[in-house]
Amino acid sequence: MVGILAVQGAFIEHAHCLEQLSQDYVLLRKKSDIPQNLERLILPGGESTVQRKLLHELDLFSVLKNKILEDMPVFGTCAGLILLAEQIAEESTNGFQSLPVLVRRNAYGRQLGSFSEEGTVGEFSGFPMRFIRAPYIEKILHPDVQILNLTENHITAVKYKNQMGTAFHPELTDDLRIHKLFLAL
Ligand code: GLN
């Protein structure tokens, strides 16, 4: 079963992508929503500080962190990427810290708060990338982290073991290739 963290942010858009792929999912709002057979997790965009706080307050954090450390496939978009990052520039984090990258929040500055680009993401060319007050990855902290995209010379998508993170929002486009890739991990 695929779980979508649904405490805050753009979780419903991920749910719609999974529906289009005929994939069952469960929305995770509290600890008792976590099914026994959880085998994949999506961490949506939104506000990472709020999501982090709620993950701890709603007692979802440790169960999910343990599963991620046991190599359950996880896909974080934007705030979700921030939740996975081992380090955040100029901030401390009590997120999952399972993805060995250093991210910088709101990194594209104010005027460029929101923008769209088309680019190559891993093996996918012409992928529509929508950035909304996006972070970027400033530093890779482990040699096994694969870079899937560079936009304006910054790393915006990575894969490491069973973890994928994008600074942009594939769930806000109708291109399902990254979701498909995630479901095949
Ligand atoms: N700016 C948000 C944060 O730092 C992320 C934005 C997003 O998820 N679209 O948490």
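Points to keep in mind about this one:
- Expressed as a whole percent, the proportion of Cα-Cα pairs in the range 33-98 lying more than 19 Å apart is 24%.
- Computed log₁₀ I(q)/I(0) - Debye formula, equal Cα scatterers, no solvent, the chain, q 0.18, 0.20 Å⁻¹: -1.20, -1.53
- Size descriptors for the range 109-161: radius of gyration and Dmax over Cα atoms are 11.6, 35 Å.
- In the structure shown, the pairs Lys31/Lys139; Lys30/Lys180; Lys30/Lys139 are assessed against 28 Å; a Cα-Cα span above that value is assigned to Lys31/Lys139; Lys30/Lys139.
- Span from the the range 107-177 Cα centroid across to the the range 55-72 one, whole angstrom: 24
- Accessible area expressed per residue, the range 1-91, with surrounding protein chains retained (probe 1.4 Å, Å²): 43
- Contact order for the chain, expressed relative to its length and based on alpha carbon pairs under 8 Å spaced 6+ residues apart, stands at 19 percent.
- Solvent-accessible area per residue in the range 129-185 equals 44 Å², computed with a 1.4 angstrom probe and all protein chains kept.
- Over the chain: helical MRE at 222 nm, DSSP H runs n ≥ 4 each giving -39500 (n - 2.57), nearest 500: -6500 deg cm²/dmol
- For peptides 27-40, 148-161, sequence by mean Cβ density within 10 Å, most packed first: 148-161, 27-40
- Portion, in percent, of the accessible area of the chain that falls on carbon or sulfur, probe 1.4 Å: 45
- Loop GluC sites (Glu not before Pro), the range 54-95, which have at most 16 other Cβ atoms in a 10 Å radius of their Cβ (DSSP): Glu70, Glu90
- Rounded to 0.05, the FRET efficiency of the Leu69 and Ser125 pair, given R0 = 22 Å and the Cβ-Cβ distance, is 0.10.
The values are calculated or read from the model by the stated rules, or taken from the named source; none is laboratory data. These numbers come from a predicted model, not from an experiment. Using ideal geometry, Cβ is built from the backbone for each residue, glycine included, and neighbour counts are taken over all protein chains shown. Quick note on the areas: whole protein, heavy atoms, side chains included, nothing else; ligands and nucleic acids left out. Shrake-Rupley method; radii C 1.70, N 1.55, O 1.52, S 1.80 Å.
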